[in-house]
Structure formats: C-alpha cells, structure tokens
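Asks: I have a structure here, written as structure tokens, and I will follow up with some questions on it.
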Amino acid sequence: MSEMKIVGKRVLRSDAYDKVTGGRGYPVNVRLPGMLHAKLLRSPYPHARVLHIDTSKAEKLAGVKAVLTPAEVPQIKFHPVFFSPSLAASMIRDMLILSDTVRFAGQPVAAVAAVQPEAAEEALKLIHVEYERLPAVFDPDQAVQSGAPRIHEHAESNVAMHPSFSFGDLERGFEEADYVFENTYQTQRVHTCYLEPRVCVVESDSQGNLTVWSSTQHIFGLREKLAFALGLPISTVKVVKPPYIGGGFGGKLDMGYIEPICALLSRKTGRPVRIEQTRYEDFITTARNPIKIHLKTGVKKDGTFTARYAKSILDTGAHATHGAVVLMVHGFYGFLLRYRCPNQKWEGYTVYTNNMIGGGFRGYGAPQAAFAVESQIDEICEELELDPIELRLKNAHSEGQPHPFDPSFNLSTYRFEECLKKGAEAIGWADRPSANSMGGTRKRGIGLACQPLWVSGCIGFPDIYEHSGAIIKLNVDGTADLSVATVDMGCGQNTVLAQIAAEELGVPLEAVRITYADTETVPFDAPSHASRVTYSAGLAVQAAAGAAKKRVFDIAGRLLNTSVEKLEITNGRVHIEGSAEKGVSLGDVVKQAESPYVVMVPDGTQRTRLSEKGTIMGMASLAPTSNPSPATAEFVEVEVDTETGEVKVLRVVFAHDIGRVINPPGAEGQVEGGTQQGVGYALMENLVFDQTSGACLTGDFLDYKIPTALEMPPEIKCIFIESNEPTGPFGAKSLAEPCLIVPAPAIANAVYNAVGVRVRDLPITPEKILAGLGKL
Amino acid sequence: MKQRINLTINEELQEVFVEPHQTLLHVLREELGLIGTKKGCDTGGCGCCTVLLDDRAVYACMVFALSAQGKKIITIEGLRENGKLDPVQEAFIEAGAVQCGYCTCGMIMAAKAFLLHNPAPSDQEIRAGIAGNLCRCTGYHKIVEAVRAASRPG
Amino acid sequence: MALQEVKEFLRPESSQAAVELLAKYGNRAVILAGGTFLHGLASRGLLPNLDALIDLQQAGLSYVKSEDGALALGAMATFADLRDADQLKGTSRFGAVSDAVRYPPPQIQNMATVGGSVATATSLFDLPVALMALDGTVKALGPAGFRAIGLDNFFLDYFEPALQKEELLVEVLLPKLPPRSASAFLKLETNANDLALLNIGVRITVDESGTCLEARVVVGGGVGKSPVRAVSCESILKGKRCSEKILAECAQAVLADVHPVSDHRASAQYRAAVAKVFVRRALLQALGRLGLTVS
C-alpha cells in the first residue's frame, strides 16, 4: 500500500465549525408549519390494568386537537430493537404502542396533541384513568419464585429467555483445577445520558404516508419498526437522516413510544406532531440492564484456566426489548470466548420485572461480564500470588488463530499481548505496590482490566443486520458528495467516512461532503452500534469511491492517452503514476462526463464522446467479510480516602489494538469519553426506584450523578497498537465499546490494590469502601 | 398573561412577549430562533443552555425571561465577530473538543465567561470553570485542552 | 403545581414594596431570589399553587456591607458576590462562607443568593450551614417593621422558615467576632454539581495561647429538617487547647446531637461516619487559618 495522505492523519472534524457556532442539524430543532405538540400520560403505578379512560374533559380544552387511547391504537405486538428484523425468531415481541396493561411506572397510557405543549400538558391532568392495581415485583430473584406476580402471559416464572451453552467437560475441568474460585457480582441500572433528549416530529401526508425526523441511531430500523407496529407497508414510512444527534451511546437504538404515537396523532389530525421527552422521561426510557452474575472458575497453580461456569440473571424490566440480545453478547463475549478455557458452561436468564425497560448502551452486556471476570482474575492472582498480566497472557488467544466465535474467520490481526505490555510500561506496573501496603489515610493503588475479544460489527451474529451502503457522486469542481445512511451520533463517523472516501479518491478531505440522506434515497445500513461503522460502513464507502474512481480512470486514460492501470489520483489531479505534474484535474474529467454532448467552442461546435456521458458515481452495498477482534487493556491509578471512602481516579492508560487508526484525535476522543462513562459506572451512576411505587428517584441530574470535569482523571493516555487488518478499510478494525467495557473492573482492582477492599457490586460507593474497611 | 419585554441579545434590542413562567431559554429557542442554546434537562443540571448574562455564565433554563429585562445577554450566535470565530470556538475545533456537539455551545459559553474573569487559569481552575456543564462524549479531556489553548495570551 | 400557572411576574423596587406584595397575595405568591431551586421544586411537585412570582432583583438587596466589624449580607447578594467581596476574601473569620460558595459550579454561584439559600429552609444547602457557624441572624421585614431571627431558630421544618407569610428575609447579619476567630466549611458530594450528602461548618475563637474561647459546629445535608448545632462538640472544645486527642473526642461527640437520615443517596451510618471525619477536618482547617497546628 502506498503511503496514505489522509487516513491516519490528525484531521479536524468536518462538523466542528457548525457545532461551535450553534449546530442547527439536530432533530430537536425540527419545526414544521402547523406542527402540534404532544405529551404522554404515564401510569403512576408499576403494574395495573386500565379499566376505563375518560378523555371528554381533555378533548374540550382550548388548543387540544386530539387525544389517543389504547382503543385507537393498533394492537400489534412488536419488539423495538433496530438491529433485528421485526419477525426475527430470537427477538421477543411483547410491546404495544398503548396497552391496557401497565407493567412499569411511567408506561404511557394515553397521549394528547395540542397547539402548544402547555395545553397538552394541561390536558393530561383532565384525563381520568381508572386503574385496577396489580401486585408488582421489582427484584428478579423474587420474580422467578412461584407465587410472584405474573407480568406477561407468555412467560412462566417471568423468565423471558433462558439460553445455555457449554463445551468441554465442566465437571472434569473443575476436578483438574488446583483451586476453584466462586463469587457473585452484581451490576446496577445506568443511563446513557445522551444530552439531546429523545425527540421526534412525524408528518402524515394526505395519503397517510409518514415522514419522520427523530433523534435516532438508525433510520432504516426506525422505518421498519414503525411500519410494523402500525401495520403499514414499509414504503409508506420515510425516515430522514439527522445530520447530527446529540449523543446516543446505544440509548437511541430502539423505537420509543414517541414515534408511533406521533404518527397516529399526525394521521388523526392531519398535522405534523412533535414530542420532546423531558429528562425524567428519558431516564425511564432506556437503561443498561442490571445483571447478577454467579461466577465459578477452576484454575491450575500456574494460573491456567481449567473450567468456568457462569450464571447470569438479567433484569429486563417490563419488556424484553434488548434484554434478549444483551444477554447473548454478555454470555459469549463476556465469558465463553473471553479467554481460552477448555471446559465451560454459561447459562442466562432474562427475567421480567415491573422495573423500567432496558436498552442498548455501549458495550451491550459486556461491561457487566467484564466486571465479574476481570475482578475475579484479580482475586485469583491475589490468592495464588500470580501477576495479573501473566495470568491473562497465559489464557489469551493469539494472532492467526481461528476466531473463537466463528472459525470461518481468523484473528488475522490480534495484538493483545502488546496492549498489556505497553500499557504496563506506561503506568509503571513493575513498581506497583502490593495490596494495601501504603501508609497514611489517602492510599493509592493501580489496577488493570481487559477486554481481550470484541467485535467489529455483527457479521456472524444470528438475526442481526450487518451490511452497509454508500453512494458517491462527483462534481465538476472536483468535489464529491457522499450519501450514507449511517448516523453520526457524535463519534465522528462522518469525518472518518469522508477520510476513507478522500483517501480512495485521491482528493483533499475538504473535497468530500456528507450529504442529505433518507430511507428512500440511500442504500440500507445497519445501525450506528456494535463498534461497526468505521469497519463496515468504511468498507462500503471505500468500495463506492473505488467504483467512481474506475470511471474517472476510463475517461482520464483517453485524455492522457495512457492505459488505466498506470493512473492514480493525487490531491485532486489524475495523472500517470510517478509524474504528478502531468495530468488533468479531477474536475476536468468530470466535465467530460457532465458536459453537453455537443459544445460550442470559439471555432464552432465540437462533439464530445457519447460513451463518456453521465454523472460519475460510485455505489456499493455490501457486507464485510470478517469480524476482526480488537483487544484492550486498561490500567488505572486511584487514590482512596480511607476516612470517607471517596475514590479519585488519578491516571488512566488505555492500550487498544485497533488495526489502522483513521483519525487519531477521534480515536482518542472515544477512549476519553469512554473513561467518563466508565468512571461514572464504576463509582457513582445508579438509577434508583422506589420499591413500592416504582417511581424513579433519580430522574434528573440533581439525583443521577455523572462525572463532571472535576471528577475525571487529569491524565488519560491512549496507546493505539496499529496493524493492517486485511479485511478492513485501509487496515482498520474497530474502537468504541471496549472504552466503556473495562474501566469498572480496572477501577475495582485499583481500589483493592490501594486499600485491600473488594467491592463486588457496582457502583463502588464511598459507603461500600468504608464498610469494607470495617468502619461502618 | 403575556407581557412585553425588551432584551438586549447579542447587542441587538429584541422585543418579545412572554408568559410569567417562561424562561430565557424558551425565549431564545422558541421566540427568537437562537437555537445554538440547547435544552438538555430544563432543571439546571446539564449546562447545555449556558449563556452570558451581564458577562456571567448562567443556566438559561433557570432564568425567568422577565427577570432578564435590561440585562446584556450573549449567546453562542453572538460570539462570532465580523465572520471571525471567537478564540474559544477556534480552540474547540483545533483541539478536537467537539463530538456530538450538543454540550458544545453551553461549554463554550461557560469557558468564555470563565476566561473573561480569569484569563490565565490553571488546569484545575479550568475544570472548576466548566464543572457546571456535563459532557458525555469527550471525557472533558480535549475540552480542557481547548480552554487551555484559548487562555494563552495572544 | 406547575410554574406555568403563574399569572403575574412582579418586580418590586424596594423591600418595602415586596412586603406589600406579600401581604396582598398571601400564600399565592413566592419570592424569586436566584431561582436555582425553583424549577427543581416544581418538577418534584413541592411548589404550592401560585398566582405570582415576586422577583427581588430590583429591590436593592444585592449588597455586602461591613458595619462596625459585623457583616451584612443582602438577601440578593449572589454566591459570586460573596466569593469576590473584599470583606470576605482571604479572611479566616469568614472562611466558612468563602468555602461554601465555591462548591457549586459557576452558573449556580452566579445566580444563587444568600436569601434564597436561607429562606428555602432546607438542610441540603451549604451556605446556611456556614452562616450558622458564624452566628448569623436573619433580618426580616414585615408590615410591622424589622425583626431579627437567629439562624439557630430559623429552620422550623422542611421548607418551612420562621417567617410570617408577609415577611421578607432582607439580610443575614454576621456579628462581629472576637479577634483570632476562624471558620471553615466542608461538603461531601458525589459530583461538583450536587446537593450535600453531608456538610459541616465550624468556627473557633482562641485566645493568645491558643485556648478555645468559643466554638461552633454545625452539620447539614441529610440530617433531617434543618442544619444541626453540635453543642456537644462545642462544649468539648471550649476552654481547651486543640490537640489530636481533643479533636478525636470532639469528632466522636458529634453524634450526640446529629442524627443523620438514610435515603437513596447514602445511609445514616455512612453520614454519621463522615460527620465524625469532617468535624476533625473542618476544625483543622479553621485552626490552620489561625496559624495553629495540632499535635
């Protein structure tokens, strides 16, 4: 590969100028003429039957245009998750747009559209709902007991799903072990805290066709889910791609209640309808599922794993939503594939409760598992006096092996060992003190955690979409318009995809512009999730750019009187290899294709070539050929105040095997942002609910705490271990999710190293540390 | 009942009609189309709506519009002068401090206010200066870098 | 109650005019000071039904005045005003106030006021704890004129200050303190924009030899309806030179007077444990401001 000019360079984000001057392209800013504002009436009870709804007073209120109740809503059961087809067998369709059974406090039971949001709000108070209250259950352990309230007819014992996988001989594996470690770990419910609320505007035309603007991570998924839930042909729904959304992190990876409700209200009123969720509503809309993990590991004296058994109980809340897939990713990438271990069994339970529903969140089931496994590894090392790095390496996969998930793929680039070694060096691992060996009341400790195996998208996963498309169109001024369905939720996808297009086309980065897209104008793309965009969408963009380039060469070959094999494009000039000064500008080539067939020149008329006419475009829609694994190791240093139990993260070193880095500052931003979410997950974040009413007690940022700049470590060092992944665009594989998978166990291990306290339930609050120190 | 008020926003006098309960944030976004100021929580917890009120950073979602009468308000739209970006805006672009961008305008306004009163801050002071603004994408790392860069004299 | 039901936004130009409005509207109006807590109260359904908001910004109460060694803090003086006031800057006497107003983020410092934080009457705020440690007195104006209410007696119940319906908090007066007085304030919070899980304000006055003449220890944040004076701590300190032993005794004694509560943010036991730690730390900080070390 010749030296790259744009890929791998520190480039400025294409959208930064617009965003620092106001950033108009967010769905929250969409306003249409005649638009109505809708609000949802939400149940105050966690489990109830709706017996009767009286909307007569609300309908008479000035400004109110429509009221919607369950009776007027299609009763089609759906699942809201974007990345799987509605009819996918592995997904559980257990939701209704409006139902007469309430299964969590805050579930919508009616909606009002009015001229002003205030009138809609006022009208909600005038709706009288008669409920029959039902007993509720919030604890998954209790929910599976006989006699517990049944939440769905289809789920006996409230178990939505109970997968189990095993290989080898578990019993023999434990017999062969010199030591067996057995612990229980518990993780909490946390929110993605995207800052732009979930918001949508839906417009219905006179034929009932819908156009949708929404703060979403997937336009095609939203189209398909909306059409399914409303019982409409998919072609009647158009979703417009938002130029930006204000964060997602997996929290906008499913259809909410708001989109179908706006659609129905718009059809009813003939006017566009908008809903913007309040922060409280957002907090009860999506969350990372809490999982309780029972983990048993058999290990030889030298640290070799001989057997592992894990049981995971996932609280999916009122509906299965993501709970089915989160559990599978958790089982496979959290336990079964993580390290080499010949005898394993994992079983999981997705359990219904009357808690809020779960959603996607960066890492998707892996952070919960990583907390258990990576914490337990530390416990094993402490007990057996082994070095945590050595133990991990002893059980690690290695480069060139078949991929443990799907042996038809290969770990073609896999630099886990390098992650551990370079990270260790940067943090000063060799000088790490033994646990709780510092004097004084403020003690420091260093900890480590890894995600040895992860994904670059979802190829190979049953029932999950994984293909991408792109259209590139060249302009007579030598620029290119790139249309993709990929939503840039902030991670810099637009910049990375433009870099890939520019590199392939041989034009400056500024010459590539990401343009408008909607579900009618661009090829399908799977959602912005699963660390997939750079790798998967990047391949489609590269292929589309390559197709456009081929046509450029066909014309340029004639203009330059040479064969196309000898051509290349540098900085917007098409030229013969090695002689950049001779050649023709890309714009001039495009003009050949775009000019009238007969052109007027000073001497008269001149014919151009008929065979070269037509806009130069490149298109691609394809699936990647592999699912290369990145690998990560994170080292943190913390300081624990042994009198108050407060933990301060002082330093982070994050080593990431990433393939080729496309845009270094963007990649660093992923690590730094993941650290914020990870510090929050480890130390403070927790969605808490009243155990009687089911009401959320942490419904705004006064009560739901996430780290500000002052709680963040002043030093975050990124080490990117680069390689040339043969199946990726310009050698890239993935980044993103591991940045949030590993911080919690790394911090837990560092806390142990500092003060000798092992906290096995998240978050690691000051209170738990003081209790561990025997001070409470 | 709506009352008429005059507000000086980005050095322009604006006449608006507002209800007693309406906030400055509402007026900026819904009445005047100054949508660079974002709504993230509406309860003073996220900082997305930060604007300058008499050269001090405030949460526009907590300021009643009627109480802003007679005060000087600067929003993100007012930072650019003669088409030239403010040094804080420039620094955010250069440092790669922008990801989803939803916190960005509020963050820049907080930084701007803070630098007006403390032009040469330490890193710790920068962090305290933006502690009222949440960001979920960047870990604040490049934002601190940007503010540091913008604080250098010249 | 939703704020959108408010019909009138009133901006009296004197405290007298504000009192007249209070008398006119009774409990159908509330005073708007900085406004940093009002939306939070409204969204939690804690605001009564209202017809009017009375915005005090133009009532001439945004002052910080020295009066013969005492310090008068106008109800509308903001945290930023206190932070930047020459009378407070770098003083050991008012250290607790300077500490307290620096905890919240700039946006809150710029809006939150002396009067708002005190008259809201909640133990969750910081400034009242610092002011109590300095023996602050509320100056209230009613139809019958001014009256003084010690902060010790000001917090009757959750969101219930010792003010009559038509009375307005116009000022908090911090009395002149003897020489060699210092104060300090500490707050336990989860992030930098938080209500206190626990906070503490202390003040100590010593003689030339370093013997404590008088002390105040006040604990707030998750300790019930109002900040609490830990008189047991105060009496241990009085008449003694502070040593580590005395501080330890004092820390232990705080729980005789302070009875923390459990909620979803922290347990009573944890708050109690931190209260003990903070008594010692805050006293050390105050003593440090007097140049005293403890052994």
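The values are calculated or read from the model by the stated rules, or taken from the named source; none is laboratory data. Just so it is clear, the model here is predicted, and its values are computed rather than measured. Cβ atoms come from the backbone with ideal geometry, glycine included; neighbour counts cover every protein chain shown. Quick note on the areas: whole protein, heavy atoms, side chains included, nothing else; ligands and nucleic acids left out. Shrake-Rupley method; radii C 1.70, N 1.55, O 1.52, S 1.80 Å.
Asks: Can you tell which of A:Ile716, A:Ile706 is open to solvent by less than 30 Å² (accessible area, probe 1.4 Å) and out of contact with any Cys (no Cβ under 9 Å at 6 or more places or on another chain)?
Replies: Being open to solvent by less than 30 Å² (accessible area, probe 1.4 Å) and out of contact with any Cys (no Cβ under 9 Å at 6 or more places or on another chain) holds for just one of A:Ile716, A:Ile706, which is A:Ile716.
Asks: Checking the conditions here, which among C:Arg102, C:Arg93 is open to solvent by 20 Å² or more (accessible area, probe 1.4 Å), modelled with pLDDT of 95 or more and closer than 19 Å to C:Ser123 by Cα?
Replies: So the residue among C:Arg102, C:Arg93 that is open to solvent by 20 Å² or more (accessible area, probe 1.4 Å), modelled with pLDDT of 95 or more and closer than 19 Å to C:Ser123 by Cα is C:Arg102.
Asks: Can you list the strands (runs of 3 or more DSSP E) lying wholly within segment A:162-238 that have 2 or more residues being free of Cβ contacts under 8 Å to residues at least 24 places away in the same chain and more than 14 Å from chain B (Cβ to nearest Cβ)?
Replies: Per the criteria, no element qualifies.
Asks: Quick check on segment A:645-675: of everything there that is surrounded by fewer than 24 Cβ atoms within 10 Å (Cβ to Cβ) and closer than 30 Å to A:Val757 by Cβ, which residue is nearest to the other protein chains (Cβ to nearest Cβ)?
Replies: Selected residue: A:Glu646.
Asks: Report the residue count in segment A:98-108 for those that are surrounded by fewer than 24 Cβ atoms within 10 Å (Cβ to Cβ) and in contact (Cβ under 8 Å) with a residue 60 or more places away in the chain.
Replies: 1
Asks: A follow-up question, please. Restricting the search to segment A:152-196, which residues are aromatic (Phe, Trp, Tyr) and either touching an Asp or Glu at 6+ places or on another chain (Cβ under 8 Å) or open to solvent by less than 10 Å² (accessible area, probe 1.4 Å) (or both)?
Replies: The answer is A:Phe165, A:Tyr179, A:Phe181, A:Tyr185, A:Tyr194.
Asks: Here's another thing I want to ask about it. If you take the residues in segment B:101-136 that are open to solvent by less than 10 Å² (accessible area, probe 1.4 Å), more than 8 Å from chain A (Cβ to nearest Cβ) and small (Gly, Ala, Ser), which one is nearest to A:Val20 (Cα to Cα)?
Replies: Checked segment B:101-136; the qualifying residue nearest to A:Val20 (Cα to Cα) is B:Gly106.
Asks: So, one more: Pick from C:Ala230, C:Ala266, C:Ala275: which is out of contact with any Phe, Trp or Tyr (no Cβ under 8 Å at 6 or more places or on another chain), touching a residue at least 24 places away in the same chain (Cβ under 8 Å) and away from every other protein chain (no Cβ under 14 Å)?
Replies: C:Ala230
Asks: Quick one: how many residues across segment A:28-38 are in a loop (DSSP other than H, G, I, E, B) and away from chain B (no Cβ under 11 Å)?
Replies: Residues that pass the stated criteria total 4.
Asks: A further question on this structure: Exactly one condition in (1) open to solvent by 30 Å² or more (accessible area, probe 1.4 Å); (2) touching a Pro at 6+ places or on another chain (Cβ under 8 Å) is false for A:Leu683; which is it?
Replies: Going through (1) open to solvent by 30 Å² or more (accessible area, probe 1.4 Å); (2) touching a Pro at 6+ places or on another chain (Cβ under 8 Å) one by one, A:Leu683 breaks only (1).
Asks: A further question on this structure: Restrict the check to segment A:703-723 and report whether at least one residue is within 30 Å of A:Val661 (Cα to Cα), more than 7 Å from every other protein chain (Cβ to nearest Cβ) and not in a strand (DSSP E or B).
Replies: yes
Asks: Separate question: Given the criteria at pLDDT below 95 and away from chain B (no Cβ under 14 Å), does A:Glu59 qualify?
Replies: no
Asks: Please pick out the residue among B:Val58, B:Val98 that is within 8 Å of another protein chain (Cβ to nearest Cβ), under 23 Å from B:Leu7 (Cα atoms), among the hydrophobic types (A, V, I, L, M, F, W, C) and touching a helix residue (DSSP H, G or I) at 6+ places or on another chain (Cβ under 8 Å).
Replies: Result: B:Val58 is the single residue among B:Val58, B:Val98 that is within 8 Å of another protein chain (Cβ to nearest Cβ), under 23 Å from B:Leu7 (Cα atoms), among the hydrophobic types (A, V, I, L, M, F, W, C) and touching a helix residue (DSSP H, G or I) at 6+ places or on another chain (Cβ under 8 Å).
Asks: Still on this structure, I have one more. For A:Pro630, state whether it is facing chain B (nearest Cβ under 10 Å), crowded, with 23+ Cβ neighbours inside 10 Å, touching a helix residue (DSSP H, G or I) at 6+ places or on another chain (Cβ under 9 Å) and not hydrophobic (A, V, I, L, M, F, W, C).
Replies: no
Asks: What pairs come out if I take residues in segment A:586-598 that are open to solvent by 10 Å² or more (accessible area, probe 1.4 Å) and pair them with residues that are part of a helix (DSSP H, G or I) whose C-beta lies under 8 Å away, six or more apart or interchain?
Replies: If the second residue must be part of a helix (DSSP H, G or I), the pairs left are A:Asp588/A:Leu559; A:Gln592/A:Ile555; A:Gln592/A:Leu559; A:Gln592/A:Glu612; A:Tyr597/A:Leu610.
Asks: Now for a separate question. Collect the residues in segment B:24-40 that are over 19 Å from B:Gln89 (Cα atoms) and either away from chain A (no Cβ under 12 Å) or surrounded by fewer than 24 Cβ atoms within 10 Å (Cβ to Cβ) (or both), keeping them in residue-number order.
Replies: B:Leu24, B:Leu25, B:His26, B:Val27, B:Arg29, B:Glu30, B:Glu31, B:Leu32, B:Gly33
Asks: OK, next. From the list A:Ala424, A:Ala449, A:Ala485, exactly one residue is open to solvent by less than 20 Å² (accessible area, probe 1.4 Å), more than 14 Å from chain B (Cβ to nearest Cβ) and part of a strand (DSSP E or B). Which is it?
Replies: A:Ala449
Asks: Can we say C:Ser98 is of a type in the set (S, T, N, Q), away from every other protein chain (no Cβ under 12 Å), in contact (Cβ under 8 Å) with a residue 12 or more places away in the chain and closer than 28 Å to B:Gly47 by Cα?
Replies: yes
Asks: Please work out which residue is farthest from C:Val223 (Cα to Cα), limiting yourself to segment C:184-197 and to residues that are more than 13 Å from the chain's Cα centre (by Cα) and away from chain B (no Cβ under 14 Å).
Replies: Out of the qualifying residues, it is C:Leu188.
Asks: Please verify whether B:Gly139 is open to solvent by less than 10 Å² (accessible area, probe 1.4 Å), without any contact (Cβ under 8 Å) to a residue 40 or more places away in the chain and on the phi > 0 side of the Ramachandran plot, treating the condition exactly as stated.
Replies: Considered against the rule, which asks whether it is open to solvent by less than 10 Å² (accessible area, probe 1.4 Å), without any contact (Cβ under 8 Å) to a residue 40 or more places away in the chain and on the phi > 0 side of the Ramachandran plot, B:Gly139 comes out as yes.
Asks: How about segment A:257-363: which helices (runs of 4 or more DSSP H) wholly inside it have at least 3 residues that are open to solvent by less than 10 Å² (accessible area, probe 1.4 Å) and under 22 Å from A:Arg532 (Cα atoms)?
Replies: Result: A:323-331.
Asks: Next question. Take the residues of segment C:23-60 that are in contact with a strand residue (DSSP E or B) (Cβ under 6 Å, 6 or more places away or on another chain) and more than 12 Å from chain B (Cβ to nearest Cβ): which is least open to solvent (accessible area, probe 1.4 Å)?
Replies: Filtering segment C:23-60 for residues that are in contact with a strand residue (DSSP E or B) (Cβ under 6 Å, 6 or more places away or on another chain) and more than 12 Å from chain B (Cβ to nearest Cβ), the one least open to solvent (accessible area, probe 1.4 Å) comes out as C:Tyr25.
Asks: State yes or no: is B:Leu7 in a helix (DSSP H, G or I) and touching a Lys or Arg at 6+ places or on another chain (Cβ under 8 Å)?
Replies: Taking the combined requirement at face value, the residue does not satisfy it.
Asks: Here's a follow-up. Can you name every residue in segment A:140-151 that is open to solvent by 60 Å² or more (accessible area, probe 1.4 Å) and not in a helix (DSSP H, G or I)?
Replies: A:Gln145, A:Ser146, A:Gly147, A:Arg150 - these are the residues of segment A:140-151 that are open to solvent by 60 Å² or more (accessible area, probe 1.4 Å) and not in a helix (DSSP H, G or I).
Asks: Looking for something facing another protein chain (nearest Cβ under 8 Å) and part of a loop (DSSP other than H, G, I, E, B) - is there at least one such residue anywhere in segment B:10-17?
Replies: Checked segment B:10-17: no residue is facing another protein chain (nearest Cβ under 8 Å) and part of a loop (DSSP other than H, G, I, E, B).
Asks: Could we say that C:Asp135 is on the phi > 0 side of the Ramachandran plot and acidic (Asp, Glu) here?
Replies: yes
Asks: Could you check how many residues of segment A:4-27 are within 9 Å of chain B (Cβ to nearest Cβ), hydroxyl-bearing (Ser, Thr, Tyr) and in contact (Cβ under 8 Å) with a residue 24 or more places away in the chain?
Replies: Adding up the residues that qualify gives 1.
Asks: Counting only residues that are farther than 17 Å from A:Pro242 by Cβ and buried (at least 24 other Cβ atoms within 10 Å of the Cβ), how many does segment B:89-100 have?
Replies: The number of residues fulfilling the criteria is 5.
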